[in-house]
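Can you keep this structure in mind? I'll have questions shortly.
The values are calculated or read from the model by the stated rules, or taken from the named source; none is laboratory data. All figures in this text were calculated on a predicted structure; none of them were measured in a lab. Cβ placement follows ideal geometry from the backbone for every residue including glycine, while neighbour counts extend to all protein chains displayed. Surface accessibility is based on the protein's heavy atoms, side chains included, excluding ligands, DNA and RNA. Shrake-Rupley method; radii C 1.70, N 1.55, O 1.52, S 1.80 Å.
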Amino acid sequence: MQITRSKALFEKAKNYIPGGVNSPVRAFRAVGGDPIFIKRADGAFIYDEDDNAYIELINSWGPMILGHNHPMIREAVIKAMENGTSFGAPTAREVEIAELITHMVPSVEKVRMVNSGTEATMSAIRVARGFTGRDKFIKMEGHYHGHGDSFLISAGSGAITMGNPDSPGVTKGTAKDTLLAPYNDLEAIEKLVRANKNEIAAIILEPVPGNMGLAIPQKGYLEGLRKICDREGIVLIFDEVMTGFRLAKGGAQELFGVSPDMTTLGKIIGGGMPVGAYGGKREIMEHVSPAGPVYQAGTLSGNPIAMAAGLTMLNYLNEHPEVYNQLNEIGNKLTQGIRKSLDKLGLKYTINHLGSMYSLFFTGQQVFDFNSAKQSNTVLFGKYFQEMLKRGIYLAPSQFESLFLSTALTDELIQKILHANEESLIALHH
Ligand SMILES: *Cc1c(COP(=O)(O)O)cnc(C)c1O
């Protein structure tokens, strides 16, 4: 495998772009080596600037659930472009996608489109504060809600990997309103609620966190949060930017049967275009401007091209529920095969897997919160990543990420991945 153009591009990029990338985790700092620059993608494959092909298990961090460059979405985008790329005025497609979202995610009675997951969570917290008249909110350690100031307190994803979970530039004034709890720990929530009686506007979490690596909610945890929020008048926000339209048509809330008051969405919702959304109960969303006093706006929100891609994606998922069985099966085959090799080689590991998401942690301990995730051997993960990359498999370049599978993974490709996995694990041994 020849990698020369990617290297040259990265060297040049570092002159003009901070760290050479437009989002930190792309720089490969957590796994060593230089990033691969991507020229194009199709189905289960991405191709780099040196024309190397990789089977890929990130799918643009989630959106490409049907694989890359899907003809249906490509055609919808091209067709929409013929009528102009932005109007800054309402369109029929926005009404259609809003109606579809409320159908697929029934706890969302009204929804506002934005341009990213970051915008969705920032706006949702503002609305929850406006609705309750309270300032503080609880977030879980290691959960990632985009790069809004008040969320960069023990944030997951790139923020862990980069080793500065508390980013400079976030003021003490902002940080003091963000309360932290470990995931899967209801007693910790009860303590915070007692100590901040009538001051907590919202509890926000990834119901199934993927940004500290994947973890699974323990039995009764989400239900327990629901009860506490009902009792205390706290707005329960599920950040389903990652899990929405992925774990089920209606996201983690459908899978676990727990309804939040508000939901944030992103990634799949844009079919690969920059889109986010936040929504929830009618009485809460009626507080959003111009219906209510909480201000939130966007020049390119509901952009016609982005809406065409998102609407096509969501319509397909809505009409093809069998996609989720297919993804479960792909996830099962892949993780069972990986377990088999790890067992055979006697390596210590934990695999957390749910549907089309999984993480392999190099630790023998269970991983159920941020602290347990941090016990894994990140040096070994970095080597594993590099060994897989050499064999043409592109994984998320950090231990603290979930992988995202797509329907483009055929049995033949799964066998190729498993073969590369076993060879990589053997190489780690030596
Ligand atoms: C990706 C992600 C975000 C941020 O979305 P961006 O579109 O990257 O701003 C927020 N929350 C969760 C759970 C995410 O996975």
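Would you please name the trypsin sites (Lys or Arg not before Pro) within the range 323-430 that are DSSP coil residues with at most 13 other C-beta atoms within 10 Å of their C-beta? Before the final figure, lay out each step's value.
Details: sites: K333, R339, K340, K344, K348, K374, K383, K390, R391, K416; in loops: K348, K374, R391.
Listed in order of number, the matching sites are K348.
So if I average 1/r over every pair of distinct C-alpha atoms in the range 185-242 and take the inverse, what Kirkwood radius in Å does that give? Don't jump to the answer; show the numbers that get you there.
Details: mean 1/r = 0.0829 Å⁻¹.
So the Kirkwood estimate lands at 12.1 Å.
Now for a separate question. What does the charge dipole of the range 63-152 about its Cα centre add up to, to the nearest 20 debye, if the Cβ of each Lys and Arg holds +1 and the Cβ of each Asp and Glu holds -1? Mind showing how you got there, number by number?
Numbers: 10 positive and 10 negative charges, 53 e Å.
Computed charge dipole of the range 63-152: roughly 260 debye.
At 1.4 Å probe size, with every protein chain present, just tell me what the per residue accessible area of the chain comes to in Å².
On the way: 18050 Å² over 430 residues.
I get 42 Å² per residue for the chain.
Oh, and also: Just name one of T263, H70, N318: the one whose Cα is farthest towards the positive end of the charge dipole of the chain (beta-carbon charges, Lys/Arg +1, Asp/Glu -1).
T263
State the answer as a single residue: which of A27, T410, A195 lies farthest towards the positive end of the charge dipole of the chain, with beta carbon charges of +1 for Lys and Arg and -1 for Asp and Glu, about the Cα centre.
Farthest towards the positive pole: A195.
Based only on the alpha carbon positions, what is the Kirkwood hydrodynamic radius of the range 93-244, in angstrom? Each step should come with its number before you reach the end.
Details: mean 1/r = 0.0625 Å⁻¹.
Answer for the range 93-244: a Kirkwood hydrodynamic radius of 16.0 Å.
For a test of the definition: using alpha carbon positions, the gyration tensor, and the 1.5 limit on a/c, classify the range 215-307 as rounded, prolate or oblate.
Working: a/c = 3.11, a/b = 1.27, b/c = 2.44.
Oblate.
Where the centre of each part is set by its Cα atoms, how far does the range 376-430 sit from the range 71-140, in angstrom?
34
Let me ask something else about it. Would you calculate the convex hull of the Cα atoms in the range 380-430 and tell me its volume per residue in Å³?
Convex hull of Cα atoms, per residue: 68 Å³.
Among A181, T118, P274, pick out the residue whose Cα is farthest towards the positive end of the charge dipole of the range 71-319, where Lys and Arg carry +1 and Asp and Glu carry -1 on C-beta, about the Cα centre.
A181
Another one. Tell me which GluC sites (Glu not before Pro) from the range 76-114 have a DSSP coil assignment and no more than 14 other beta carbons within 10 Å of their own.
Details: sites: E82, E94, E96, E99, E109; in loops: E82, E109.
For GluC sites (Glu not before Pro) across the range 76-114 that sit outside H, G, I, E and B with at most 14 neighbouring Cβ atoms in 10 Å, the list reads E82.
What percent does the relative contact order of the range 71-319 come to when contacts are Cα pairs within less than 8 Å and at least six residues apart?
Working: 481 pairs, mean separation 77.1, N = 249.
Here the relative contact order equals 31 percent.
As a quick test, which of the pairs K12/K176; K172/K219; K197/K219; K79/K267; K39/K340 have an alpha carbon distance above 31 angstrom in this structure?
Numbers: K12/K176 40 Å; K172/K219 35 Å; K197/K219 26 Å; K79/K267 22 Å; K39/K340 34 Å.
Exceeds cut-off: K12/K176; K172/K219; K39/K340.
Calculate the dipole size of the range 71-319 relative to its Cα centre from +1 charges on Lys and Arg beta carbons and -1 charges on Asp and Glu beta carbons; express the result in debye to the nearest 20. Let's see the in-between values first.
Working: 24 positive and 27 negative charges, 54 e Å.
Here the range 71-319 has a charge dipole of around 260 debye.
Given charges of +1 on the Cβ of Lys and Arg and -1 on the Cβ of Asp and Glu, with all other atoms neutral, how large is the dipole of the chain about its Cα centre, in debye to the nearest 20? Write out the running numbers ahead of the final one.
Values: 42 positive and 45 negative charges, 156 e Å.
Value, rounded to 20: 740 debye.
A further question on this structure: Given a 1.4 angstrom probe, I'd like the percentage of the accessible area of the chain that is carbon and sulfur, rounded to a whole number.
Details: 9280 of 18050 Å².
Of the solvent-accessible surface of the chain, carbon and sulfur hold 51 percent.
May I ask for the Rg/Rh ratio of the chain, computed from Cα atoms with Rh as the Kirkwood radius, given to two decimals? Could the numbers behind the result be given before it?
Details: Rg = 21.1 Å, Rh = 22.1 Å.
Reported Rg/Rh, Kirkwood definition of Rh: 0.95.
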